[in-house]
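Novice: Below: one structure in structure tokens.
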Amino acid sequence: MRRSLDDGWSIELSGAWTPERAEDGVTTWRAPGRTMRVSTGNPWRCADGADIIASLDAELPPDPVGKVGEGGRDGVGHRAAWLYRQDGNIKFTLYGYNFINATYLETVFSSADTTDNSWAFDAWRSVTRSVG
């Protein structure tokens with residue numbers, strides 16, 4: 001089911017997801033065994049895609065097990081993601097970013113089930129934005 005997020009962004013989420021009240025600009029969504037945090041990033045000034053990715057890479061936790069960058073579609077210019085495994089009870093976390101020019105949406109997916117993280121990648125890739 002396509003879910004509406006902030007500022008014209010939307011995402012496809014399978015199953016029974018429930019949004020919680022937003023705090024400090026971050027909305028948390030929960031489904032059994034899964035969590036997603038969503039926030040709209042501040043526009044980047046005077047930066048190109050490579051500068052933005054380098055800045056995010058420096059801010060995220062060290063030692064991801066994987067990084068993905070790809071061209072976007074459905075109104076998204078490009079996408080970038082960092083995958084982490086084993087952090088206490090959380091077995092994987094995917095930090096996903098979707099960019100349109102200098103604006104972006106951050107989605108952070110986590111779950112205790114390491115055998116299936118495809119749902120997080122599918123959700124991250126499903127993000128679109130419509131303006132107007």
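Novice: Starting from the alpha-carbon convex hull of region 63-102, give the projected area averaged over all orientations, in nm².
Specialist: Working: hull surface 13.7 nm².
Its Cα hull, projected and averaged over all orientations, spans 3.4 nm².
Novice: Here's another thing I want to ask about it. With a 10 Å radius around each residue's Cβ, average the other Cβ atoms per peptide and rank 18-31, 115-128, 93-106, highest first.
Specialist: So the peptides 18-31, 115-128, 93-106, ranked by packing, come out 93-106, 115-128, 18-31.
Novice: Per-residue HN-Hα couplings for region 55-65, Karplus 6.51 cos²θ - 1.76 cosθ + 1.60 at θ = phi - 60°, whole Hz, x for Gly and Pro?
Specialist: Result, ordered by residue: 5, 5, 4, 6, 7, 6, x, x, 6, x, 7 Hz.
Novice: With the full set of protein chains in place, find how many percent of the accessible area of the chain is carbon and sulfur; take the probe as 1.4 Å.
Specialist: Of all accessible area on the chain, carbon and sulfur atoms account for 47 percent.
Novice: With charges only on Cβ, +1 for K and R and -1 for D and E, what is the dipole size of the chain about its Cα centre, in debye, rounded to 20?
Specialist: My answer is approximately 320 debye.
Novice: Give me the 1.4 Å probe accessible area per residue for the chain, excluding ligands and nucleic acids, in Å².
Specialist: The answer is 55 Å² per residue.
Novice: Now for a different question. Kirkwood Rh, region 49-132, all Cα pairs: how many Å?
Specialist: Numbers: mean 1/r = 0.0750 Å⁻¹.
That comes to 13.3 Å for region 49-132.
Novice: Give or take rounding to whole Å, what are the principal axis extents of the alpha carbon atoms in region 1-70, in descending order?
Specialist: 37, 29, 24
The values are calculated or read from the model by the stated rules, or taken from the named source; none is laboratory data. As the structure is a computational prediction, the values presented were derived from the model and not from experiment. Glycine gets a Cβ as well: all are built from the backbone with ideal geometry, and neighbour counts include every protein chain shown. Ligands, DNA and RNA are excluded from the accessible area calculation, which covers all protein heavy atoms including side chains. Shrake-Rupley method; radii C 1.70, N 1.55, O 1.52, S 1.80 Å.
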